Amino acid sequence: MITVKFSASLRDLTGGDEQIQVDAPTVRRLIKLLDERYPGISERLSESTSVAINGEILPDALYEDIPDDAEVHFLATLAGG
Amino acid sequence: MSRTHINCTINGDETDFLSESGGSLLNALRDDVGLMGVKEGCGTGDCGACSVLMDDRITCACLIFAPEVEGRTIVTIEGLANADELHPLQQCFLEGAALQCGICTPGFLLAAKALLDKNPDPTETEVRYALAGNLCRCTGYDKIIRAVLDAAEGIRASATSGDAA
Amino acid sequence: MTMIDENPTGAPSYKWVGSRSIRPDGLDKVTGKARFGADLTLPGMLEGAVARSPHAHARIVSIDTSAAEAMPGVHAVITAADLPDLAEAGAKTDDVFMSEKILARGKVLWEGHPVAAVAATSREIARAAVAAIEVVYEPLPHVLTVDEALADGAPLLHAEMITRGVDPAPKTPSNAASRVVHERGDLDQGFADADVVLEREYTTKPVHQGYIEPHACVADAGQDSRANLFVSSQGHFSLRAMTATTLGWPPSALTVTAAEIGGGFGGKTTIYLEPLAVRLSSKAGRPVRLVMGRDEVFKATGPTSGSRMKIKMGVTNDGKMTAAQVWMAFEAGAFPGSPVGAASMTAIACYDIPNFLVEGFDVVCNKPKVAAYRAPGAPIIAYGVESIVDELARSINMDPIDLRLANAAVEGTQSSYGPVFPRIGFVETLEAIRDSDHYRSPVPEGMGRGVASGFWFNIGGNSTATVHVNEDGNVNVIEGSPDIGGSRASMALFAAEEFGISVDRISVKIADTQTIGFNDVTGGSRVTLATGKVVIDCCRAIKEDLCRRAAKTWDCEIGDVEWVEGQAQHASGTETPLSLAELAETAPRTGGPISVTKSDNVRGAGAAFTTQLVDLEVDEETGVCRVARYTTAQDAGKAIHPSYVEGQMQGGVAQGIGWAFNEEYIHNADGTLDNASFLDYRIPVASDLPMIETIVVEVPNPGHPYGVRGVGEAGIVPPMAAIGNAIEHGTGVRLNDLPMSPVRLLDAINQRNDG
């Protein structure tokens, strides 16, 4: 099981859920699962999303593997000066 | 458009060129003489990127009409090194990491040369005021000031050893 | 005095990494040979100029270019009609906005918005032609600040813009483009648990990156819808993509060469002139150079956001932060895209606070569209947060460093923006300042002392590098990341360290978009980390190859060969070691040329923290402050080239000092900019500043082979708050609006004296 934590900016789509536990081996599968539970969330998540898996921020993470027991966050894509 | 024939000495060579009469020395050096080391940062004399030595005085080339240099002596960054040997200021800027992007570097080097030619042993404060007409946005000036002080020390030391010899 | 802790954690010591070598591009830059954006001249080249809106907000009724086109020497005039209408083509909203930023379509949205461009045989003719373009405007009411833009009944910049991130979605359009929010815990309980709760409002003005080189490019388009572009840019690949989108071309039709870049600081991560230059060139059939004047740089590029912020924070008497509520609205300029998202993520990221609500709004107004500026957004919100943290420390009579230490984010802390922090060095920067000679020295008589901290994420991203070994055994490193602060020097040091050869034997070049694979923009403090990583990957692959070649030469197993200090050695010691030069000489017999290319979307970025300390002398007669002493401690992870690490730290601080005291966009009632020159927009000069003391903290980033974090950005985050805190310490006066200019400070001092 992995733990997905939702930022406050996503909670309008999660009906207020702050975190859930699901089984998903990759980010792509995770987003598919989330979209079944929270219709429309995949569109928001694929727009400009980085994914933090166990604290490591990964841009362009759609095909990334997720280790079991990982904690996953979705973040805005970071840039800089 | 009328053009003026100008004769002057640039980096030790007698040079002549045609310049638009309303044109600046900055544009003349870049466009007509091809000395691209002279940089334009503002065009209004506020940044010092176009600094050149005119009769040994530090001058913003953007504030001088090209015809004003008739008969004068100009030194640009391209004339600072002595053939195959860098000027001590250039060497100290390299060794002291006194440049980042480098766009302001030609102006700083010439402004520092103008200072050291007159005052070979400046204090930190004197260096800071002498270079206050040159803007650098990368370095916070720290390493530039140190490089100028180092160069001054080196020039003094070699002058002394030269005297001894 | 600069201190480098050479080996704080028992990490390996290096011969070249961490040394102060001469930068590869240095000689060209001290002799005037380096070619910047405006320094290329091509045969038959035309000079361009841009016609810009004199109004802050107006409808374009008509544009008549006929008089300009008829002028002798004019070869091309373009308007929005010469670029594809991306809205009509159904392009993404962001691309439509980008295209409208390049050339106005229907409306102008700020003073300086381009409406047309000209190419002619000289700059003078091009400028005269620009003046001859007749544009009829119908002026519209404008909004300049977030307050004006968010007011009821405010004129709208974009008639159909609905605020994103609000639930339920608003039914009516507004100037608020989006809302972001970060929330945790129970805010009411958090404030109830506090002994002291403070609430403050802060404002900041737009400030410009202030690079000394104005934007410049040379385009040379063929008759085949392909073009070469020579340009000063922080990222020639992303510039190519944006330019191509605006032109409706495939990116591969453009070959972009990165000029030497005369400063960027984030401001050269986007496009302004490039599509205009290419289109003018394709229309004229000749090369075109476009160079901005300084007034154009101020009016039409950069800056970063002005803002309004409301911050409420609570702390217990024994120094535990219990709650934070942060509200901020950032000016985006004419199109959405302020750095409010990053600001909301960085706002309280230094601290472990159990209860918080951080809310940010991205607001459009009739000013130039903001561009990235060094740790975009973070310095703005840090001005507020680090000021109120200082006031909280004072209110509970606690040392400001101790309060920060008591609440500091550490490894394992769940960051305010979500993920748990891996190994970070915030505490180490606080301790470095606390233990510094500067902090341990008494505050000089008549001075004020201030402390503040800052955070920046740092990023990785896409990079490509190629490494060749020449037939003489010297090494060429080819990369695609424009060098804005000395990164070529770092690449050379990585290669020297990996091969075990002198750094003098390494050359580093930045290749054009046709010559090397893709690279993300130079920004986010990513190049030493990410491009460094692929350079190291290339070197390691080549070392393996060299060992294989040595094994072939010695007719032995590859397992018997190892690479030691610049040469292949046989484990038995029976063979004479083969140097890089010897292996290079025999390469044709051992498998051909020695060359490797590596690409990666590099992960493993490590966050940067910094703590800074300032002593200020305030002249209470004039309100002028003198920075008497400044010390900055920053976690670099590993300083590859310490001089350029210090240079990044010092440069960031100097920009922050300018932001604190002087820098601001001053718009008048007409919505036009009153200070579009370096005379009136005053950046720090050498006589304004002291030496800036640096303490390079090195808490290695576990995600990088040498522990690199990235140092380009964090340095600009704390100075404004540190200086505000020092002003209060010295005078008892607290300023909550930037800049803390002499006029404002004098007013406050007079009020204090009257009160």
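For segment A:59-81, name all the residues that are crowded, with 18+ Cβ neighbours inside 10 Å and aromatic (Phe, Trp, Tyr). Result: A:Phe74, single match. Say whether the condition of being surrounded by 15 or more Cβ atoms within 10 Å (Cβ to Cβ), among the hydroxyl-bearing types (Ser, Thr, Tyr), within 12 Å of the chain's Cα centre (by Cα) and in a helix (DSSP H, G or I) is met by at least one residue in segment A:44-52. No, because not a single residue in segment A:44-52 is surrounded by 15 or more Cβ atoms within 10 Å (Cβ to Cβ), among the hydroxyl-bearing types (Ser, Thr, Tyr), within 12 Å of the chain's Cα centre (by Cα) and in a helix (DSSP H, G or I).
Condition check for C:Arg289 on (1) out of contact with any Asp or Glu (no Cβ under 6 Å at 6 or more places or on another chain); (2) over 30 Å from C:Glu201 (Cβ atoms): one failure, at (1).
Just name the residue that is surrounded by the fewest Cβ atoms within 10 Å (Cβ to Cβ) out of those in segment C:712-730 that are among the β-branched types (Val, Ile, Thr) and out of contact with any Pro (no Cβ under 9 Å at 6 or more places or on another chain). If we take residues in segment C:712-730 being among the β-branched types (Val, Ile, Thr) and out of contact with any Pro (no Cβ under 9 Å at 6 or more places or on another chain), then C:Ile727 is surrounded by the fewest Cβ atoms within 10 Å (Cβ to Cβ). Only one entry in C:Pro155, C:Pro173 is closer than 15 Å to C:Asn366 by Cα, surrounded by fewer than 17 Cβ atoms within 10 Å (Cβ to Cβ) and either at pLDDT 95 or above or more than 13 Å from chain A (Cβ to nearest Cβ) (or both), namely C:Pro155. The set of residues in segment C:418-458 being buried (at least 24 other Cβ atoms within 10 Å of the Cβ), assigned to a loop (DSSP other than H, G, I, E, B) and within 14 Å of another protein chain (Cβ to nearest Cβ) consists of C:Ile424, C:Phe457, C:Asn458.
Screening segment C:460-473 for residues that are touching an Asp or Glu at 6+ places or on another chain (Cβ under 9 Å) and part of a loop (DSSP other than H, G, I, E, B) and picking the one that is farthest from the other protein chains (Cβ to nearest Cβ) gives C:Glu471.
To keep it simple, each residue is scored yes or no on (1) at pLDDT 95 or above; (2) under 24 Å from C:Gly532 (Cα atoms); (3) within 14 Å of chain B (Cβ to nearest Cβ).
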| residue | (1), (2), (3) |
| --- | --- |
| C:Glu582 | yes, no, no |
| C:Arg626 | yes, no, yes |
| C:Ala633 | yes, yes, no |
| C:Val645 | yes, yes, yes |
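Screening C:Ser687 against (1) in a loop (DSSP other than H, G, I, E, B); (2) within 12 Å of chain B (Cβ to nearest Cβ); (3) of a type in the set (Ser, Thr, Tyr) leaves a single unmet condition, (1). Residues of segment C:465-487 that are surrounded by fewer than 24 Cβ atoms within 10 Å (Cβ to Cβ) and under 21 Å from C:Ser232 (Cβ atoms): C:Ile478 alone. Among the residues of segment B:123-132, those that are more than 7 Å from chain C (Cβ to nearest Cβ) and either of a type in the set (Phe, Trp, Tyr) or touching a helix residue (DSSP H, G or I) at 6+ places or on another chain (Cβ under 7 Å) (or both) comprise B:Glu124, B:Val127, B:Ala130. Among the criteria (1) crowded, with 20+ Cβ neighbours inside 10 Å; (2) of a type outside the set (Asp, Glu); (3) in contact with a helix residue (DSSP H, G or I) (Cβ under 7 Å, 6 or more places away or on another chain); (4) at the interface with chain C (Cβ under 8 Å from one of its Cβ atoms), the one B:Ile6 does not fulfil is (4).
Before we move on, is C:Val733 more than 24 Å from C:Arg308 (Cα to Cα), surrounded by 18 or more Cβ atoms within 10 Å (Cβ to Cβ) and at pLDDT 95 or above? Spelling it out, it is not the case that C:Val733 is more than 24 Å from C:Arg308 (Cα to Cα), surrounded by 18 or more Cβ atoms within 10 Å (Cβ to Cβ) and at pLDDT 95 or above. Out of all the residues in segment C:476-486, is one or more of a type in the set (A, V, I, L, M, F, W, C), under 21 Å from C:Asn701 (Cβ atoms), away from every other protein chain (no Cβ under 14 Å) and in a strand (DSSP E or B)? Within segment C:476-486, not a single residue is of a type in the set (A, V, I, L, M, F, W, C), under 21 Å from C:Asn701 (Cβ atoms), away from every other protein chain (no Cβ under 14 Å) and in a strand (DSSP E or B). With respect to the conditions (1) over 30 Å from C:Met720 (Cβ atoms); (2) in contact with a helix residue (DSSP H, G or I) (Cβ under 9 Å, 6 or more places away or on another chain); (3) within 12 Å of chain A (Cβ to nearest Cβ), C:Asp167 lacks only one, and its number is (2). So which residues in segment C:196-207 are within 30 Å of C:Tyr665 (Cα to Cα) and either surrounded by fewer than 24 Cβ atoms within 10 Å (Cβ to Cβ) or among the β-branched types (Val, Ile, Thr) (or both), if there are any at all? Correct list: C:Leu198, C:Glu199, C:Arg200, C:Glu201, C:Thr203, C:Thr204, C:Lys205, C:Val207.
The residues of segment B:106-152 that are buried (at least 19 other Cβ atoms within 10 Å of the Cβ), in contact with a Ser or Thr (Cβ under 6 Å, 6 or more places away or on another chain) and not basic (Lys, Arg), listed by number, are B:Gly107, B:Leu110, B:Ala111.
Per-residue answers, yes or no, for (1) within 12 Å of chain C (Cβ to nearest Cβ); (2) in a loop (DSSP other than H, G, I, E, B); (3) in contact with a Phe, Trp or Tyr (Cβ under 7 Å, 6 or more places away or on another chain):
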residue: B:Gly71; (1), (2), (3): no, yes, no
residue: B:Leu94; (1), (2), (3): yes, no, no
residue: B:Leu109; (1), (2), (3): yes, no, yes
residue: B:Asp117; (1), (2), (3): no, no, no
residue: B:Asp121; (1), (2), (3): no, yes, no
residue: B:Lys143; (1), (2), (3): yes, no, no
residue: B:Asp150; (1), (2), (3): no, no, no
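Here C:Ala676 fits the description: more than 19 Å from C:Glu428 (Cα to Cα), of a type outside the set (S, T, N, Q), within 14 Å of another protein chain (Cβ to nearest Cβ) and assigned to a loop (DSSP other than H, G, I, E, B). Scan segment C:76-94 for residues that are polar (S, T, N, Q) and under 29 Å from the mean Cα position of the chain (by Cα) and the total you get is 1. What's the total number of residues in segment C:565-582 that are closer than 27 Å to C:Tyr706 by Cα, in contact (Cβ under 8 Å) with a residue 40 or more places away in the chain and out of contact with any Gly (no Cβ under 7 Å at 6 or more places or on another chain)? Number of matching residues: 1.
When residues of segment B:43-69 are filtered for being within 13 Å of chain C (Cβ to nearest Cβ), surrounded by fewer than 24 Cβ atoms within 10 Å (Cβ to Cβ) and assigned to a loop (DSSP other than H, G, I, E, B), how many remain? Summing the residues that are within 13 Å of chain C (Cβ to nearest Cβ), surrounded by fewer than 24 Cβ atoms within 10 Å (Cβ to Cβ) and assigned to a loop (DSSP other than H, G, I, E, B) in segment B:43-69 gives 4. Residues in segment C:35-50 that are of a type in the set (A, V, I, L, M), in a loop (DSSP other than H, G, I, E, B) and surrounded by 24 or more Cβ atoms within 10 Å (Cβ to Cβ): C:Ala38 only. Can you find a residue that is within 13 Å of another protein chain (Cβ to nearest Cβ) and at positive phi anywhere in segment C:236-257? So far as segment C:236-257 goes, no, none of its residues is within 13 Å of another protein chain (Cβ to nearest Cβ) and at positive phi.
Residue count for segment C:260-302, restricted to those that are more than 14 Å from every other protein chain (Cβ to nearest Cβ) and assigned to a loop (DSSP other than H, G, I, E, B): 6.
The values are calculated or read from the model by the stated rules, or taken from the named source; none is laboratory data. Note that this is a predicted model, so its numbers are computed, not measured. Neighbour counts are summed over all protein chains in view; Cβ atoms, including those assigned to glycine, are modelled from backbone coordinates with ideal geometry.
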